[in-house]
Amino acid sequence: MSEKFIILNTGSVGYKVFVTPKTIQLLKKKKYSEKIEFFTHLQIRDDAHELYGFLTYEELEFFGLVTSVQGVGPKVGLHIMSEASVLEIKKALVRSDVEFFDKVPGIGRKKAKKFVIELQDKIDILPEKEFSGGSNFDDAVAALMHLGYKSGEAREALRQVPADVSDMGKKIRYALKLLSK
């Protein structure tokens, strides 16, 4: 194993698979004879066929989402996935935390802003209760989006609504006041 890839043996054939440093650390703890399920993404270019590997299907799916942003290739996508868990990266997207992505090698401030904007609307699979404390968060976001606000703006405004406001109508009115400032 190196710092950036592993050799995945499948019978008598070995495949070079690029992985995150966290994956390498987890694999070092495993016994050589232990079987491991691996999820891979094949990137085909004119000059190479490269495999990118993940230990969970969720990581593989999220990698596909990350690399769907124009200008974010598989190597940069792997750097992003190396920064934190999928849930932590999603939380950073919901918070519009450009600084989180700015520190990733190969991103930069301008690309980080674009990355956050493009992916915020695509991550509806977040467990919003972790962020909002209420079960009607998605409905409130949808209502604000229907009024013309972007998903990220609506989520940010709704997170600023005090926890004691539980009525959805009141939450939306409070968020609208914040958005109009």
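The values are calculated or read from the model by the stated rules, or taken from the named source; none is laboratory data. All values reported here derive from a predicted model rather than from experimental measurement. Here the Cβ is made from the backbone with ideal geometry for all residues, glycine too, and neighbour counts use every protein chain on show.
Summary table
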| read-out | value |
| --- | --- |
| The range 154-174 residues that are more than 18 Å from Arg95 (Cα to Cα), paired with ones that are acidic (Asp, Glu) and in a helix (DSSP H, G or I) (beta carbon under 7 Å, 6 or more apart) | Met168/Asp139 |
| Filter result for Lys177 (closer than 24 Å to Lys114 by Cβ and either free of Cβ contacts under 8 Å to residues at least 12 places away in the same chain or surrounded by fewer than 16 Cβ atoms within 10 Å (Cβ to Cβ) (or both)) | no |
| Test for Val165: is it buried (at least 19 other Cβ atoms within 10 Å of the Cβ) and either of a type in the set (Lys, Arg) or in a loop (DSSP other than H, G, I, E, B) (or both) | no |
| Residue list for the range 3-19, filter: surrounded by 10 or more Cβ atoms within 10 Å (Cβ to Cβ), assigned to a loop (DSSP other than H, G, I, E, B) and without any contact (Cβ under 8 Å) to a residue 24 or more places away in the chain | Lys4 |
| From the options Lys103, Lys122, Lys111, residue that is charged (D, E, K, R), crowded, with 16+ Cβ neighbours inside 10 Å and more than 20 Å from Val17 (Cα to Cα) | Lys111 |
| Subset of the range 62-99 [of a type in the set (S, T, N, Q) and touching a Ser or Thr at 6+ places or on another chain (Cβ under 6 Å)] | Ser82 |
| Test for Lys30: is it free of Cβ contacts under 8 Å to residues at least 60 places away in the same chain and surrounded by fewer than 13 Cβ atoms within 10 Å (Cβ to Cβ) | yes |
| Helices (runs of 4 or more DSSP H) wholly inside the range 20-85 that include at least 3 residues being more than 16 Å from the chain's Cα centre (by Cα), on the phi < 0 side of the Ramachandran plot and of a type outside the set (Gly, Ala, Ser) | 21-28 |
| Condition met for Thr20 (of a type in the set (S, T, N, Q) and under 23 Å from Glu83 (Cβ atoms)) | yes |
| Residue in the range 53-62 that is touching a Phe, Trp or Tyr at 6+ places or on another chain (Cβ under 8 Å), at pLDDT 90 or above, surrounded by 14 or more Cβ atoms within 10 Å (Cβ to Cβ) and within 21 Å of Lys114 (Cβ to Cβ) present | no |
